[in-house]
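Values quoted throughout were computed directly from the atomic coordinates according to the rules given, and no laboratory measurement underlies them. What you are looking at is a predicted structure, and each value in this text was computed from that prediction instead of being measured. Counting neighbours? That spans all protein chains shown, and the Cβs are built from the backbone with ideal geometry, glycine included.
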Amino acid sequence: MEIPVYIVDLDLPPLQRWAPLMKDKGPLLVDLVDDVKMLITSLVGERVFEIIFNSLSKVATTLPYPFYEELVGISAFSELPLSIVTLYNIFYEALTLCTSIIAQDPNGQLYHGRNLDTGVFLGWDKKNHTWKVAEKLKPLTVELDWKKNGSTLFRSVSFAGYVGVLTAVKQDKFTFSLDKRFALNGGFMGLLEWILFDNYKQSWVTFLTREVLETAENYDEAQAKLSKTRLLAPVYFILGGTHPREGCIITRDRDNSNILTLGSQKTGSGSWYLVETNYDHWKNPPFFDDRRTPANRCMIESGQKNASLSLIYNVLSTKPVLNKETVYTSVMDVRSGQLQGWIRQCPDPCWPW
């Protein structure tokens with residue numbers, strides 16, 4: 001199923017930017033938030049969750065402009081408390097699994113695609129063999145046309161009421177996707193530092209990515225910003241440019257980065273293509289969540305001569321790369337600015353994750 005398109009007009013006051021979208025999708029967001037609360041509680045425990053939740057209204061006021069103002073607007077239009085809207089907007093730092101691929105064809109043209117997977121270990125529906133949160137996010141999935149001065153600045157695939165950026169293309173400049181990275185010094189450590197110690201000298205991951213999409217004018221500028229800014233949570237940034245070999249996986253902890261570039265390897269990921277799931281590229285993925293190996297196998301067997309958006313879509317549709325957590329698949333072409341997304345279903349037999 002294709003994804004509906006909405007406009008985010010950055011020339012409007014932040015309080016008003018999300019009004020049309022929330023008018024259509026607000027009730028679905030209300031239906032989701034209880035499950036998001038349950039997800040966070042299951043990850044950090046009830047006591048830690050209460051500390052976080054009771055501080056969320058304060059957290060919202062400390063967010064950089066224009067994010068606080070936009071969350072206030074979403075709260076008003078959805079009739080949800082600001083603390084709930086804030087929770088929804090930071091839950092990516094909790095748990096999301098993904099697969100991202102960049103491929104370069106023999107002529108140097110770059111293609112970028114991703115699956116966004118979420119909802120693991122929460123609300124398994126035994127009857128329908130689905131994850132509850134993933135299913136509730138599907139009708140909230142939207143394509144956003146971000147406009148400035150009447151023209152498209154960039155395009156993204158996102159969730160209604162979510163003001164950060166997870167997947168985007170800025171035509172003739174760069175493509176971008178974000179994958180979760182697991183680490184001991186993870187997102188909740190940064191969040192607790194923000195709440196308890198007023199440590200604001202760090203960036204929220206998806207707020208930083210939106211800032212980069214709004215302001216960076218080329219691949220190098222985007223790479224520098226994504227690789228050097230102190231983060232609240234560890235993450236993988238997957239970035240593609242406009243010229244041959246302009247593709248990379250930026251593996252981030254909160255302060256440092258490791259960059260694997262397109263063309264830096266003779267074979268496999270890092271040669272004519274890049275594959276990132278949710279594990280460091282220099283380590284083997286765990287046996288219970290190995291989406292990397294089948295994705296690599298598909299790319300190698302297809303060969304560079306077949307590099308295209310269709311190839312990436314087909315690889316992302318191969319089980320277990322496609323699984324019960326997959327909410328959407330999207331593909332991007334930086335030259336044309338094409339961004340196309342599909343809400344996905346994985347028919348049985350299908351891996352839970």
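Highest mean first, what order results for 230-237, 283-290, 28-35, 125-132 on Cβ atoms within 10 Å?
Packing order, densest peptide first, comes out as 230-237, 28-35, 125-132, 283-290.
Sorting CYS98, CYS350 on the 10 Å Cβ count, fewest up front, what's the list? Numbers along the way, then the final one.
On the way: CYS98 24, CYS350 16.
Going from least to most buried by this count: CYS350, CYS98.
Take the alpha carbon atoms of the stretch 106-222, find their radius of gyration, then divide it by 2.2 N^0.38 Å using N residues; give the quotient. Provide the component values of the computation, followed by the final result.
On the way: Rg = 17.2 Å, N = 117, 2.2 N^0.38 = 13.4 Å.
Its radius of gyration relative to the 2.2 N^0.38 Å reference: 1.28.
Considering only GLN202, VAL331, VAL8, whose Cα is most displaced toward the positive end of the charge dipole of the chain, charges sitting on Cβ of Lys, Arg (+1) and Asp, Glu (-1)?
The residue sitting most towards the positive pole is VAL331.
Which whole-number percentage describes the relative contact order of the stretch 187-246, with Cα contacts under 8 Å and a sequence gap of 6 or more?
Values: 44 pairs, mean separation 26.2, N = 60.
Over the stretch 187-246, the number comes to 44 percent.
Could you list, by residue number, the cysteines of the chain that have no other cysteine's beta carbon within less than 4.7 Å of their beta carbon?
So far as the 4.7 Å Cβ criterion goes, CYS98, CYS248, CYS298 stand without a partner in the chain.
When ranked by the protection proxy of mean other Cβ atoms within 10 Å per residue, highest first, what sequence do the peptides 39-49, 159-169, 291-301 form? Before the final figure, lay out each step's value.
Values: 39-49: 15.6, 159-169: 25.5, 291-301: 18.0.
Ranked by mean Cβ neighbours within 10 Å, highest first: 159-169, 291-301, 39-49.
Output needed: percent of Cα pairs per 10 Å distance bin for the stretch 135-189, bins running from 0 to the one holding the longest distance.
In order of increasing distance, the bins hold 20, 41, 29, 10, 1 percent.
Quick one: net charge around TYR236, please, counting Lys, Arg +1 and Asp, Glu -1 for every other residue with C-beta under 10 Å from its C-beta.
Values: positive: LYS180, ARG181, ARG252; negative: ASP179, GLU276, ASP280.
Result for the neighbourhood of TYR236: 0.
Per-residue HN-Hα couplings for the stretch 276-290, Karplus 6.51 cos²θ - 1.76 cosθ + 1.60 at θ = phi - 60°, whole Hz, x for Gly and Pro?
Per-residue couplings from phi come out as 10, 9, 9, 9, 4, 5, 8, 10, 6, x, x, 4, 7, 8, 9 Hz.
For the chain, set up a GNM with springs between Cα atoms under 10 Å and report which of PHE154, PHE67, PHE197 has the largest fluctuation.
It is PHE197.
Give the long-range amide H neighbours of GLY119: residues separated by 5 or more places, or on another chain, with amide H under 5 Å away, using H modelled in the peptide plane at 1.01 Å from N.
Result for GLY119 returns LEU97.
With 10 angstrom as the radius, rank HIS281, HIS243, HIS112 by how many other C-beta atoms surround their C-beta, starting from the fewest.
Details: HIS281 19, HIS243 12, HIS112 29.
With the sparsest Cβ surroundings first, the list reads HIS243, HIS281, HIS112.
From the C-alpha gyration tensor of the stretch 93-157, pull out the three semi-axes of the equivalent ellipsoid (sqrt of 5λ each), sorted largest to smallest, in whole Å.
Here the semi-axes work out to 30, 19, 10 Å.
Using helices alone, I'd like the mean residue ellipticity at 222 nm for the chain: each DSSP H run of four-plus residues gives -39500 (n - 2.57), total over residue count, nearest 500.
So the helix-based figure for the chain works out to -10500 deg cm²/dmol.
Considering amide H positions built from the backbone, and no H for Pro or chain starts, which residues 5 or more places from VAL142, or on another chain, come under 5 Å of its amide H?
SER158, PHE159, ALA160
Can you tell me the equivalent ellipsoid semi-axes for the stretch 53-98? Use √(5λ) from the Cα gyration tensor, largest first, whole Å.
Values: eigenvalues 63, 29, 25 Å².
Value: 18, 12, 11 Å, ordered largest first.
What is the mean projected area of the alpha carbon convex hull for the stretch 203-242, to one decimal in square nanometres? Could you put the intermediate results ahead of the total?
Working: hull surface 10.4 nm².
Mean projected area of the Cα convex hull: 2.6 nm².
In what order do TYR313, TYR200 fall by count of nearby beta-carbon atoms within 10 Å, going from fewest to most? Spell out each step's value before the answer.
Details: TYR313 17, TYR200 12.
Ordered from fewest to most neighbouring Cβ atoms within 10 Å, TYR313, TYR200 come out as TYR200, TYR313.
If Rh is defined by the Kirkwood formula over all Cα pairs and Rg also comes from Cα, what ratio Rg/Rh do you get for the stretch 1-100? Could the numbers behind the result be given before it?
Values: Rg = 14.4 Å, Rh = 14.7 Å.
Rounded to two decimals, Rg over Rh is 0.99.
Charges at C-beta only: +1 for Lys and Arg, -1 for Asp and Glu. How large is the resulting dipole of the stretch 1-112 about its Cα centre, in Debye rounded to 20? Before the final figure, lay out the partial values.
Numbers: 6 positive and 14 negative charges, 49 e Å.
The dipole of the stretch 1-112 has a size of about 240 debye.
May I ask which of LYS23/LYS173; LYS170/LYS228; LYS138/LYS170; LYS126/LYS319 have a Cα-Cα span longer than 26 Å here? Intermediate values should be presented prior to the final figure.
Numbers: LYS23/LYS173 32 Å; LYS170/LYS228 21 Å; LYS138/LYS170 24 Å; LYS126/LYS319 20 Å.
LYS23/LYS173, as the Cα separations exceed 26 Å there.
Which lysines have a Cα lying under 26 Å from the Cα of LYS266, excluding residues fewer than 8 positions away in the same chain?
Of all the lysines, those that pass the test against LYS266 - Cα under 26 Å, at least 8 places apart if same chain - are LYS283, LYS305.
Normalised by the residues of the stretch 1-139, what does the relative contact order come to in percent, with Cα pairs under 8 Å and at least six apart? Show your work: numbers first, answer last.
Values: 144 pairs, mean separation 33.0, N = 139.
So the answer I get is 24 percent.
Taking the C-alpha atoms of the stretch 44-165, how large are the radius of gyration and the largest Cα-Cα span, Dmax, in Å?
Rg then Dmax for the stretch 44-165, in Å: 17.6, 55.
How far is helix 205-215 tilted off the main Cα axis of the chain, in degrees rounded to 10, range 0 to 90?
It works out to around 70 degrees.
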